[in-house]
Amino acid sequence: MRNYEVKKHDTLWKIGRAHGFTVQQIADVNNLKGKQIHRIREGQNLLLPDAEAGTPDTRLSIQFRGLDHARFTPSKVKVQHDDKVVEREMDADGVLALGIFDHARGLKVWIEDLSKKFVEVLDRPILPLGEWKLSIDSRQVAAKGNLAPKKGAAASSAPAVKEATTHNARLAGGETARVQTRVEGGKPVHAVASIYTSENLRLSPGNEQYRKHILAAAAKYALTPQSLAAMLDAEAAQDKQGTWQEKSNAAKPSRAQGLAQFFEAAWMGVFEYSKSLLHERCQGESKTALLARRLEAEYAIDSAAAYAVLNLRAFSKKTGLDAQALPAEDKAKMAYLLHHEGVGGTSRILGLSGKFSDDDATDLLAQQLGSADKAQKMIERYEGDPVKAYKGWLFGYIDAKINVNNFVVKDKSDLTVQPRDIALIVRSMSRTPDPGKPAPRPKAATASAPKAPASPPAAQPAVASPTPASAAGTATGAGGNWRDPLDTCTLRSAGLASKNGAKFGMTRARGTRAHQGIDLIAVPGTTIHAVADGVVYTAPSKNPSYPYGNTLVLEVDVADLPPAQAALARRLNPGERTIGFFYAHLTEFSVPSGKPVDAGTALGTTGESGNAHGMRTVATGAHLHFEVRKRARLRSTGLSNRLDPLPFILNCTNR
């Protein structure tokens with residue numbers, strides 16, 4: 001891979017065309033998704049993939065935050081992965097997005113400190129596969145009283161930090177006051193004033209409401225609050241701020257429900273456990289009322305701890321290994337392993353009972369990675385051993401999901417027992433020690449500083465190529481390509497007073513009602529095309545009465561439009577970098593939501609959803625409703641967020 005500095009007026013599509021890559025390849029390397037694809041800016045550093053790079057093993061979204069969970073943006077960040085060291089910039093949301101092709105080569109991260117020197121803040125020799133959000137805690141952040149963030153005093157030595165911390169504690173008049181300069185995985189310099197949050201449990205502001213329940217359940221079941229919080233965090237549905245959702249899936253009783261995501265069978269099993277809060281308080285309740293308790297945080301948190309204990313007890317009984325004697329920090333990971341694989345499955349995988357065959361491992365790995373091809377490639381990297389490959393994936397996944405250190409106020413060095421990798425936990429229990437976590441063989445090393453190819457390699461588009469520029473309804477230009485939404489664009493008149501009713505504006509009900517787009521004749525099943533290079537967002541209709549039915553919007557950077565359409569967008573929509581093209585009454589989507597596509601890509605097919613129901617033929621008014629929206633994903637009434645689509649269309653047979 002190599003660095004590329006974004007120039008003025010650059011877009012990912014322009015960069016891709018210039019260097020011979022698809023937008024998806026560039027997005028994968030830099031872990032860009034959705035709106036991030038349109039938010040690159042001048043001076044930003046991007047990584048360009050090697051021509052043979054393929055798909056990243058690991059995609060990371062990294063944020064930096066302080067002790068009070070307040071996020072901050074380092075002035076400079078340097079990363080090492082795939083045998084390259086490069087400086088990177090945070091995106092507009094304060095996130096460092098990385099695509100890592102060889103997870104076996106690990107990741108290092110450095111940030112610039114107050115003295116303008118790079119300090120190592122993360123060093124992981126092997127990364128888990130898949131997509132992960134990673135928080136690196138923290139630089140120098142102080143919190144006082146209500147946890148409103150403020151800059152900590154500059155300090156360059158551990159004694160200075162400790163002195164400043166004690167001073168700040170006195171100034172706070174007994175309220176919480178702390179300064180932390182520790183960074184996860186780096187060399188810690190850490191000081192905390194003598195007043196800690198209760199039980200050294202660190203929670204985000206949104207999850208503070210659950211503190212008393214976590215403390216009570218942890219004490220009751222011989223867990224630590226941090227280990228229980230880590231388990232809850234791994235299971236709970238969360239909002240954008242990381243707050244656990246107490247009423248998760250309340251309207252979907254067949255799915256796992258509540259903060260701890262319990263299915264019915266597991267919940268009823270906890271009810272039978274005499275020590276559980278459910279058993280103590282809910283005798284005599286109907287089954288319906290009992291299941292509704294899943295949506296109450298106090299019961300969900302207590303039951304999560306009880307369920308962990310029940311699984312550990314069952315495992316100990318089956319294998320003869322005393323999982324219940326593990327330190328509380330280790331119980332969290334062991335309990336999550338049992339939750340993920342079941343007691344029997346865990347016993348087989350660890351070679352304690354039954355046989356875990358190569359076929360079993362291959363099938364499970366294919367399920368987790370999403371395809372047999374990905375599973376086979378991973379097996380090859382573990383010396384052709386499917387069992388090693390699955391255990392390598394599983395152990396890495398659990399270590400990433402259960403991170404007790406995210407929930408401590410003090411540095412991890414202050415903990416009584418250090419949290420360990422799941423492989424070490426398993427080895428510590430076993431009479432015949434497991435050989436540990438299998439390590440993948442790194443991919444073939446690449447040159448440390450590859451030169452740009454003399455001529456760009458041919459791009460390998462992940463989507464269908466656009467129709468040639470000479471075809472009707474297409475255009476190319478310095479900015480990008482255009483393809484009309486249908487092979488043939490004709491305004492409908494069936495079911496309307498005239499074709500004028502199919503046009504944009506106050507064209508309905510004798511000029512008294514707005515039509516927000518144009519209606520183009522299309523019988524159900526007609527292919528719709530991306531009009532330009534952009535990102536697709538699909539919206540299946542959740543309500544049969546929704547007038548638009550199944551819809552999608554294509555968000556396009558104005559700079560990726562051909563000159564005529566770009567000039568029109570800038571004149572009618574000044575100040576907006578992107579614009580949206582909206583398709584309604586669809587029956588089928590061909591592209592997943594959030595995916596970047598090229599102009600001309602088949603996006604799906606027309607239908608009769610929404611208020612087009614029953615319109616199956618030209619005579620009955622079958623059509624595609626097509627809009628241009630000033631702000632692509634903004635929902636609004638009337639014409640306020642709309643532009644007339646007809647001037648954007650190149651070939652309309654009856655305009």
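Quick one: in segment 618-647, of everything that is aliphatic (A, V, I, L, M) and not in a strand (DSSP E or B), which residue is nearest to THR538 (Cα to Cα)?
In this case the residue turns out to be ALA632.
Out of all the residues in segment 489-525, which are open to solvent by 40 Å² or more (accessible area, probe 1.4 Å) and of a type in the set (S, T, N, Q)?
SER493, SER498, ASN500, THR512
Restricting attention to segment 578-592, which residues are surrounded by 14 or more Cβ atoms within 10 Å (Cβ to Cβ) and under 27 Å from ASN30 (Cα atoms)?
THR578, ILE579, GLY580, PHE581, PHE589, SER590, VAL591 - these are the residues of segment 578-592 that are surrounded by 14 or more Cβ atoms within 10 Å (Cβ to Cβ) and under 27 Å from ASN30 (Cα atoms).
Select from segment 125-138 the residues that are touching a Lys or Arg at 6+ places or on another chain (Cβ under 8 Å) and assigned to a strand (DSSP E or B) and write down the one among them that is modelled with the lowest pLDDT.
ASP137
When you look at ASP68, is it modelled with pLDDT of 85 or more, out of contact with any Cys (no Cβ under 6 Å at 6 or more places or on another chain) and not hydrophobic (A, V, I, L, M, F, W, C), yes or no?
no
Which ones in segment 279-309 are among the aliphatic types (A, V, I, L, M), under 20 Å from ARG255 (Cα atoms) and over 28 Å from the mean Cα position of the chain (by Cα)?
Matches in segment 279-309: ALA289, LEU290, LEU291, ALA292.
For segment 71-118, what are the residues that are touching a Lys or Arg at 6+ places or on another chain (Cβ under 8 Å) and polar (S, T, N, Q)?
Matches in segment 71-118: GLN80 only.
Run down PRO419, PRO440, PRO433 and say which single residue is at pLDDT 70 or above and either surrounded by 23 or more Cβ atoms within 10 Å (Cβ to Cβ) or in a loop (DSSP other than H, G, I, E, B) (or both).
It is PRO440.
Which members of segment 335-355 meet the condition of being outside any helix (DSSP H, G or I), surrounded by 15 or more Cβ atoms within 10 Å (Cβ to Cβ) and among the hydroxyl-bearing types (Ser, Thr, Tyr)?
none
Which condition number in (1) open to solvent by less than 20 Å² (accessible area, probe 1.4 Å); (2) at pLDDT 70 or above; (3) assigned to a loop (DSSP other than H, G, I, E, B) is the one that SER75 fails?
With (1) open to solvent by less than 20 Å² (accessible area, probe 1.4 Å); (2) at pLDDT 70 or above; (3) assigned to a loop (DSSP other than H, G, I, E, B) applied to SER75, the lone miss is (1).
Among the residues of segment 635-655, count how many are among the aliphatic types (A, V, I, L, M) and more than 21 Å from MET506 (Cβ to Cβ).
1
Considering only residues that are open to solvent by 60 Å² or more (accessible area, probe 1.4 Å) and either in contact with a helix residue (DSSP H, G or I) (Cβ under 8 Å, 6 or more places away or on another chain) or modelled with pLDDT of 95 or more (or both), look in segment 304-321 and name the one that is farthest from LEU215 (Cα to Cα).
LYS318
Just name the residue that is surrounded by the fewest Cβ atoms within 10 Å (Cβ to Cβ) out of those in segment 406-416 that are under 33 Å from the mean Cα position of the chain (by Cα) and at pLDDT below 65.
Per the stated criteria, the residue is SER413.
So, of the residues in segment 105-116 that are in contact with a Leu (Cβ under 8 Å, 6 or more places away or on another chain) and not basic (Lys, Arg), which turns out to be surrounded by the fewest Cβ atoms within 10 Å (Cβ to Cβ)?
Applying the filter and picking the extreme gives GLY106.
Can you go through GLN226, GLN261, GLN257, GLN238 and tell me which one is open to solvent by 20 Å² or more (accessible area, probe 1.4 Å), within 26 Å of the chain's Cα centre (by Cα) and touching a residue at least 12 places away in the same chain (Cβ under 8 Å)?
On inspection, the qualifying residue turns out to be GLN261.
In the set GLN324, GLN283, which member is surrounded by fewer than 22 Cβ atoms within 10 Å (Cβ to Cβ) and under 29 Å from LYS355 (Cα atoms)?
Of the residues listed, the single one that is surrounded by fewer than 22 Cβ atoms within 10 Å (Cβ to Cβ) and under 29 Å from LYS355 (Cα atoms) is GLN324.
Check ILE301 against each of (1) of a type outside the set (Ser, Thr, Tyr); (2) within 28 Å of ALA229 (Cα to Cα); (3) in contact (Cβ under 8 Å) with a residue 24 or more places away in the chain; (4) surrounded by fewer than 19 Cβ atoms within 10 Å (Cβ to Cβ) and name the one condition it does not meet.
Here ILE301 meets the rest and fails (4).
If a residue has to be in contact (Cβ under 8 Å) with a residue 24 or more places away in the chain and either in a loop (DSSP other than H, G, I, E, B) or open to solvent by less than 20 Å² (accessible area, probe 1.4 Å) (or both) to count, how many in segment 7-27 make the cut?
Residues in segment 7-27 being in contact (Cβ under 8 Å) with a residue 24 or more places away in the chain and either in a loop (DSSP other than H, G, I, E, B) or open to solvent by less than 20 Å² (accessible area, probe 1.4 Å) (or both): 14 in total.
Residue by residue through segment 357-413, note down the ones that are among the aromatic types (Phe, Trp, Tyr) and within 29 Å of LEU232 (Cα to Cα).
Of everything in segment 357-413, those that are among the aromatic types (Phe, Trp, Tyr) and within 29 Å of LEU232 (Cα to Cα) turn out to be TYR390, TRP393, PHE395, TYR397, PHE407.
Evaluate segment 356-374: report whether one residue or more is under 18 Å from SER428 (Cβ atoms), at pLDDT below 95, open to solvent by less than 50 Å² (accessible area, probe 1.4 Å) and part of a helix (DSSP H, G or I).
No, there is no match, as no residue in segment 356-374 is under 18 Å from SER428 (Cβ atoms), at pLDDT below 95, open to solvent by less than 50 Å² (accessible area, probe 1.4 Å) and part of a helix (DSSP H, G or I).
The values are calculated or read from the model by the stated rules, or taken from the named source; none is laboratory data. This is a predicted model, so every value here is computed, not measured. Cβ coordinates were reconstructed from backbone atoms using ideal geometry, including for glycine residues, and neighbour counts include every protein chain displayed. Accessible surface areas use protein heavy atoms only, side chains included; no ligands, DNA or RNA. Shrake-Rupley method; radii C 1.70, N 1.55, O 1.52, S 1.80 Å.
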